[in-house]
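Visitor: The following block contains the structure, expressed as structure tokens.
The values are calculated or read from the model by the stated rules, or taken from the named source; none is laboratory data. Everything numeric here is computed off the predicted structure, so don't read it as measured data. Note that we place each Cβ from the backbone using ideal geometry, even for glycine, and neighbour counts take in every protein chain shown.
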Amino acid sequence: MAVQQKEAMPSVDLHEAAKVWGLKFRRKAVPKDKNIVINGFRLHYLDWGSAGKQPMLLLHGGGQTAHSWDFFSLCMCDEYHVYALDQRGHGDSEWSPGGDYSEAAHQRDIEGLVEALKLDRFVLVGLSMGGNNAYTYAAKHWDKLGGLVIVDVGPEIVPQGSRRIRDFTSAAAELDTIEEFVDRAVAFNPLRPREMLRRSLLHNLRQLSNGKWTWKTDRRRMEGGGAGLRAPEEIERKWGYIQSIRCPTLIVRGAESDVFTQEVGERMVRLIPGGAKLVTVSKAGHTVMGDNPPEFEARVREFLKTLPSLQR
């Protein structure tokens, strides 16, 4: 295991954008870009600091990056030591040479990162793909968690919403300008202001030698079904994970989500032995923390206050 780090380039208008949302933060924190090698595989993550505070690990959704959590991280980083991971094949993390984006591969990455960073009694938060990875980890390692937050995902998801995400992320691999990607993002998610979508995309695009722009994400992760289209045996296995979680758990759903239903969320609450609560964030679709950052933060913060007191 090896760790490298450099000072991160300041997030594009992060603090001004946070003010536009009405978010409260104590200081103009900027994360450090760090790289760590786990089992010979390089992962990139954002370290928001506050060493000595209770750790919090954030896992983004498929096709996103660690910067998807910037607003939430900014608001939390004085009370928690926040880490936001670029999961394999995403952001600035390494692409799998063999195209391995399996559940087992993600779990090896998370387990290795937790061990390398010596995380204990940490809060684990995940959206969509990251939420799947989070509750899968919690099923086996719930004793290492102080709390778990699963955002807009469960063992069963709505196929139409899943396909819509797949179509958005797989269409037009290369475009001439960033603004063309922004146009597509606005059409895909009209809930979020254009300038906010543009800021997010700037962290998720790279320029090619021919001058065109493309996603940072390895498109091979979509092969073999992708976007959460699940076989019956996979659904059954994932419900088994839910029944194995024994730590305090919050399930967050976007009120306008076309991926995660209220019914599935309520069943998850009933099956989690460690105690769980389901909340809904208004004016939010699947990408809850980006669509309505103030309400998402408020609902998660309410949950965090119920957790056993640890020195923060």
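Visitor: Given the criterion touching a helix residue (DSSP H, G or I) at 6+ places or on another chain (Cβ under 7 Å), modelled with pLDDT of 95 or more, surrounded by fewer than 18 Cβ atoms within 10 Å (Cβ to Cβ) and of a type in the set (D, E, K, R), identify the matching residue among GLU111, GLU103.
Guide: Just one listed residue meets the conditions, GLU103.
Visitor: Within the group LEU43, LEU58, which residue is more than 12 Å from the chain's Cα centre (by Cα) and buried (at least 23 other Cβ atoms within 10 Å of the Cβ)?
Guide: Criteria check complete, one pass: LEU43.
Visitor: Right, here's the next one. Can you run down the residue pairs with Cβ atoms below 6 Å, 6 or more apart or on separate chains, where the first is in the stretch 278-306 and closer than 18 Å to ARG198 by Cα and the partner is among the basic types (Lys, Arg) and assigned to a loop (DSSP other than H, G, I, E, B)?
Guide: These pairs meet every condition: ASP291/ARG192; ASN292/LYS283.
Visitor: Let me ask something else. If the Cβ limit is 6 Å and pairs must be 6+ apart or interchain, which residue in the stretch 233-259 that is under 13 Å from LEU271 (Cα atoms) and at pLDDT 95 or above pairs with which residue that is crowded, with 19+ Cβ neighbours inside 10 Å and of a type in the set (S, T, N, Q)?
Guide: TYR241/THR136
Visitor: Could you check, for the stretch 89-103, whether at least one of its residues is over 22 Å from PHE168 (Cβ atoms), charged (D, E, K, R) and part of a loop (DSSP other than H, G, I, E, B)?
Guide: So far as the stretch 89-103 goes, yes, one or more of its residues are over 22 Å from PHE168 (Cβ atoms), charged (D, E, K, R) and part of a loop (DSSP other than H, G, I, E, B).
Visitor: Out of VAL82, VAL37, report the one residue that is touching a Ser or Thr at 6+ places or on another chain (Cβ under 8 Å) and at pLDDT 95 or above.
Guide: None of the other options fit; the residue is VAL82.
Visitor: When you scan the stretch 161-168, do you find a residue that is touching a helix residue (DSSP H, G or I) at 6+ places or on another chain (Cβ under 7 Å), at pLDDT below 95 and closer than 27 Å to ALA17 by Cβ, even just one?
Guide: yes
Visitor: OK, next. Restricting to the stretch 11-49, what's the tally of residues that are more than 12 Å from ASP70 (Cα to Cα), among the polar types (S, T, N, Q) and either part of a helix (DSSP H, G or I) or in contact with a helix residue (DSSP H, G or I) (Cβ under 7 Å, 6 or more places away or on another chain) (or both)?
Guide: Count: 1.
Visitor: Can you pull out the residues in the stretch 135-161 that are more than 24 Å from ILE110 (Cα to Cα) and under 18 Å from the mean Cα position of the chain (by Cα)?
Guide: Within the stretch 135-161, GLY161 is the sole residue that qualifies.
Visitor: Hey, could you check the stretch 268-287 for residues that are in a strand (DSSP E or B) and not β-branched (Val, Ile, Thr) and say which is surrounded by the fewest Cβ atoms within 10 Å (Cβ to Cβ)?
Guide: Applying the filter and picking the extreme gives LYS277.
Visitor: Looking only at the stretch 189-211, which residues are surrounded by fewer than 17 Cβ atoms within 10 Å (Cβ to Cβ), touching a residue at least 12 places away in the same chain (Cβ under 8 Å), of a type outside the set (A, V, I, L, M) and outside any loop (DSSP other than H, G, I, E, B)?
Guide: The answer is ARG194, GLU195.
Visitor: For the structure I just gave you, tell me whether ALA84 is in contact with a helix residue (DSSP H, G or I) (Cβ under 7 Å, 6 or more places away or on another chain), surrounded by fewer than 21 Cβ atoms within 10 Å (Cβ to Cβ), outside any loop (DSSP other than H, G, I, E, B) and not basic (Lys, Arg).
Guide: Considered against the rule, which asks whether it is in contact with a helix residue (DSSP H, G or I) (Cβ under 7 Å, 6 or more places away or on another chain), surrounded by fewer than 21 Cβ atoms within 10 Å (Cβ to Cβ), outside any loop (DSSP other than H, G, I, E, B) and not basic (Lys, Arg), ALA84 comes out as no.
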